[in-house]
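I have placed the structure first, in the form of structure tokens, so that the comments after it can refer back to it.
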Protein chains: 2
Amino acid sequence: RCDPSDNLDYARTLLDIFVDRHFISPGHRNVELFKRGTICSYGPLGTELRDNVLHQWWRSMSGSKDQVFGINTPSSSGSQDATGGRWGHLRVAEPDDLQKILKETELSREQLVQNLHMLLQTSPLLRTSLFHGSLEQFVPIFELVNRKLPFGIAETGRCFQPSKEGDGCPAEVTEASLVWFCSPRTSSQWMDHWARQRLKWWRKFALAPSDFSSSDVPQGELEGAASRGVKIFYRFPWGQEPLEVLWSRGDGELLQMHKGIRSKLQSRDGRKSIPHIVSTTGNIDRGLLAFLYNSLQLHKREDTKQKLQQRKVLKLHPLLAPVKVALGIGRGATMELRQVCDGLLQDLKEAKISAWPGYLESSSMPMEQLNSKYDEMGVLFTAVISESTLESGLLQLRSRDTTIKETMHISELTNFLCRYISAAGNM
Amino acid sequence: RCDPSDNLDYARTLLDIFVDRHFISPGHRNVELFKRGTICSYGPLGTELRDNVLHQWWRSMSGSKDQVFGINTPSSSGSQDATGGRWGHLRVAEPDDLQKILKETELSREQLVQNLHMLLQTSPLLRTSLFHGSLEQFVPIFELVNRKLPFGIAETGRCFQPSKEGDGCPAEVTEASLVWFCSPRTSSQWMDHWARQRLKWWRKFALAPSDFSSSDVPQGELEGAASRGVKIFYRFPWGQEPLEVLWSRGDGELLQMHKGIRSKLQSRDGRKSIPHIVSTTGNIDRGLLAFLYNSLQLHKREDTKQKLQQRKVLKLHPLLAPVKVALGIGRGATMELRQVCDGLLQDLKEAKISAWPGYLESSSMPMEQLNSKYDEMGVLFTAVISESTLESGLLQLRSRDTTIKETMHISELTNFLCRYISAAGNM
């Protein structure tokens, strides 16, 4: 994979699979949105994968010993707040209001322009990040923890950025944000801690962890109040792109937001210090793209007719895989087999194991072809119920990663899968 | 509670509790947004409650025997799509583009107005509902199920509506939408089925189920293509408001979206019928408000000094309660007790039971006052670790609903809570 055009062909092949296997919806524009790392129309598998990624993010935040509080805030804000005239923000326009001004024929050109300026300045802003919302909510949560540091405020949600591609379409991104408040003298240690933790988190779910890397932001590229920055990158076939950014931001923004009223912001330790902020913001949509690219393996192999075939396997981490098990039926008394599958499907759902009802697909695809399809979907296991299952209770279980088939009693399947997934989570 | 002003006082008392107990952030404007049933700034407890409600909604959709596929779509759409000139939609404006036009001094008044009209018509729309996204994704998912009916497409997410209060602030709502595709001859049965199911779902989590009701939409109030409608209401202290709306919509919108190309839309049954649609859309934010109002109980009681006190208990359903157990410490060797609590907290987190580290709060509140606070937070159980726990391994467990305290071995707590919550889910 050294030739760049090869790389791009490879990228294209992968994108086709993501569409064919219902990770994302078809259509050139949709695929473009996806490739840019912005929100696109996700199909059923992409939606499940995205939920799993978000779920793991929350678990990593709330599962740690540190106190992290989740919040949820509106994505638009009245213009009357402190954010007033920020640049680079999209605004929400009510077409009726604009039309009303345009229709006032007695207005002079100057008055018209003035009224439009006014309307623009007073229309609500769409958030470009979740940082602002966490700053706003600082005070009540600070009281909740009895003004003790450190603690964090976490939020996931959509943010809106003006289009960079000049196509007039705003870029929507699912951000996952942690704003960490700590004492001034520990902020540099916390910055190191979170930079390490976050890279570890991305790599935990990777097949090839070395494609995820982190590096310090050069002094000249520091944004806003930040005194230090770290970016976590993924190496895509077309180049490196950032997945997450950490900033060490000091106390300036907190003081500004709360108009310098230090008494509200002082911690209860001896020094009455104003908390310093370390923030980390991940782009979940681009993260999804990274995990998908990272987990796809191409195996060349000869089939039974000695033709060279390519086996494509999406080796998504067991915790992320959108479908854990597909249920299929072999030859036999179809009606009875279906009933067995229905029961098994219900058991799996109750155990919160996402299962694919392959037996409902009417197409009588040969098993090998079905397996290829499930491999491209990232399905961890395929369980086949056949005539003999009715007699012995035994089913055939095929593993995506080893392609080995083993025999298992039907009553053991749910437990086996639970243990398998939870073991993968503890590694 | 017959006097309407009493009712409003009562409503006010409750809202104060929701702010004090970190369900929502403080501030008049935020409380107003919450009361309207729109997205506000949720605090840590409100965020957890909202996640639990959404989680239960998804479980009810994907847990049924019917095939429901989840999707996730952008909230803004290019203006080039079929939705073109719809009314009542907010648009996303790029201030820079607008400024550029306003600055072109050589334009005449007419040219200026014309350019602004053009800009307005080509700027992206913000979605007002999730229905459109599901219609767009119909074709690939129809292929996925081999063109067999019925099946559903589900999505949850934010929608934007122009402000009704004239304050220029768009109303953001978290919608939960199911679009159900079925054969024409079964659509009326499915409408009945979903209306029943959805009311049952709301009532499942209610303390006073009769406050949730449903009724047919009068013929004159049917919207768009709908031939029948059902609304599910909640009786708030200030009157009845809709939580969810179901429409029986026929096949018109599907045909229109896919430009009448019937071959793409025909099902594989004998009749080659075009699917009919039953849609149901819930407002999760107003649902949250309803569950909170519904579960708050006021008990008058005399305290030890014979003063009349009001005990307020938020009896949220065990599946919805944002905190399942609070950990507190009694008198004793604090350092060791804290270590025991740390370990227990970690166990609970691993079992995915949301626990409140009450032992970290430095304030030495008397136990009775702490219990009142936890009751207002809707905390299911309070576990108290004390000196004697270190010797015997026994802790005191107090139930929110019965106020009875019982003794339990520390090793049994996690299992007890898992069983308790799962039993409540199966009722």
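The values are calculated or read from the model by the stated rules, or taken from the named source; none is laboratory data. None of the values given here were measured: they were computed from a predicted structure. Note that we place each Cβ from the backbone using ideal geometry, even for glycine, and neighbour counts take in every protein chain shown. Ligands, DNA and RNA are excluded from the accessible area calculation, which covers all protein heavy atoms including side chains. Shrake-Rupley method; radii C 1.70, N 1.55, O 1.52, S 1.80 Å.
Show me the helices (runs of 4 or more DSSP H) found entirely inside the stretch A:339-427 where at least 2 residues are under 22 Å from A:Ala206 (Cα atoms) and touching a Pro at 6+ places or on another chain (Cβ under 9 Å). Explain how you work it out, then say what you get.
Details: elements: A:367-377, A:387-392, A:413-426.
Those helices (runs of 4 or more DSSP H) span A:413-426.
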Taking the stretch B:113-122 only, how many residues are facing chain A (nearest Cβ under 7 Å) and surrounded by 17 or more Cβ atoms within 10 Å (Cβ to Cβ)? 3
Here is a check on your reading of the model: is B:Leu178 touching a helix residue (DSSP H, G or I) at 6+ places or on another chain (Cβ under 7 Å) and within 23 Å of B:Met61 (Cβ to Cβ)? yes
Name, by its number, the condition in (1) part of a helix (DSSP H, G or I); (2) open to solvent by 20 Å² or more (accessible area, probe 1.4 Å) that does not hold for B:Phe142. (2)
List every residue pair whose Cβ atoms lie under 9 Å apart, where the two residues are 6 or more positions apart in sequence or sit on different chains, the first residue falls within the stretch A:334-351 and is closer than 28 Å to B:Gln56 by Cβ, and the second residue, located anywhere, is open to solvent by 80 Å² or more (accessible area, probe 1.4 Å) and assigned to a helix (DSSP H, G or I). A:Lys349/B:Arg59; A:Ala351/A:Asn415
Just one of A:Ala225, A:Ala195 is in contact (Cβ under 8 Å) with a residue 12 or more places away in the chain and open to solvent by less than 50 Å² (accessible area, probe 1.4 Å); which is it? A:Ala195
B:Pro242 fails exactly one of (1) open to solvent by 40 Å² or more (accessible area, probe 1.4 Å); (2) at pLDDT below 95, namely (2)
Yes or no: the stretch B:169-185 includes at least one residue that is touching a residue at least 40 places away in the same chain (Cβ under 8 Å), in contact with a His (Cβ under 8 Å, 6 or more places away or on another chain), open to solvent by 30 Å² or more (accessible area, probe 1.4 Å) and not small (Gly, Ala, Ser). yes
Among what's in the stretch B:417-427 and is under 15 Å from B:Lys352 (Cβ atoms) and open to solvent by 30 Å² or more (accessible area, probe 1.4 Å), pick the residue that is modelled with the lowest pLDDT. B:Ser422
Just name the residue that is nearest to A:Pro275 (Cα to Cα) out of those in the stretch A:140-168 that are modelled with pLDDT under 90 and more than 9 Å from chain B (Cβ to nearest Cβ). A:Gln161
Looking only at the stretch A:355-369, count how many residues are open to solvent by 30 Å² or more (accessible area, probe 1.4 Å) and either of a type outside the set (D, E, K, R) or away from chain B (no Cβ under 14 Å) (or both). 9
Taking the stretch B:16-48, which residues are part of a helix (DSSP H, G or I) and facing chain A (nearest Cβ under 10 Å)? B:Val19, B:Asp20, B:Arg29, B:Asn30, B:Leu33, B:Pro44, B:Leu45, B:Gly46, B:Thr47, B:Glu48
I'd like the full set of residues that are at the interface with chain A (Cβ under 10 Å from one of its Cβ atoms) and buried (at least 19 other Cβ atoms within 10 Å of the Cβ), limited to the stretch B:123-139. B:Ser123, B:Pro124, B:Leu125, B:Leu126, B:Gly133, B:Glu136, B:Gln137
Search result, residues across the stretch B:68-99 that are at pLDDT 85 or above and more than 7 Å from chain A (Cβ to nearest Cβ): B:Val68
Scanning the stretch A:126-168 for residues that are without any contact (Cβ under 8 Å) to a residue 40 or more places away in the chain and more than 21 Å from A:Met257 (Cβ to Cβ) gives A:Ser163, A:Lys164, A:Gly166, A:Asp167, A:Gly168
Filter result (more than 14 Å from chain A (Cβ to nearest Cβ), open to solvent by 30 Å² or more (accessible area, probe 1.4 Å) and not in a helix (DSSP H, G or I)) within the stretch B:246-269: B:Arg249, B:Asp251, B:Lys259, B:Gly260, B:Ile261, B:Gln266
State all residues of the stretch A:391-403 that are surrounded by 15 or more Cβ atoms within 10 Å (Cβ to Cβ) and either out of contact with any helix residue (DSSP H, G or I) (no Cβ under 8 Å at 6 or more places or on another chain) or modelled with pLDDT under 95 (or both); if no residue qualifies, say none. A:Gln396
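Results for (1) touching a helix residue (DSSP H, G or I) at 6+ places or on another chain (Cβ under 9 Å); (2) surrounded by fewer than 22 Cβ atoms within 10 Å (Cβ to Cβ); (3) modelled with pLDDT of 90 or more; (4) not in a helix (DSSP H, G or I), shown as yes or no for each residue.
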| position | (1), (2), (3), (4) |
| --- | --- |
| B:Leu316 | yes, no, yes, yes |
| B:Pro322 | yes, no, yes, yes |
| B:Gly332 | yes, yes, no, yes |
| B:Met335 | no, yes, no, no |
Could you check the stretch B:124-167 and list, in sequence order, the residues that are touching a Gly at 6+ places or on another chain (Cβ under 7 Å) and of a type in the set (Gly, Ala, Ser)? B:Ala154
Output yes when any residue across the stretch A:52-59 is surrounded by fewer than 20 Cβ atoms within 10 Å (Cβ to Cβ), modelled with pLDDT of 80 or more and within 8 Å of chain B (Cβ to nearest Cβ), and no when none is. no
Please identify the pairs in which a residue from the stretch B:376-402 that is of a type in the set (Phe, Trp, Tyr) has its Cβ atom under 8 Å from the Cβ atom of a residue that is in a strand (DSSP E or B), counting only partners at least 6 apart or on another chain. B:Phe381/B:Val325; B:Phe381/B:Ala326; B:Phe381/B:Leu397; B:Phe381/B:Arg398; B:Phe381/B:Ser399
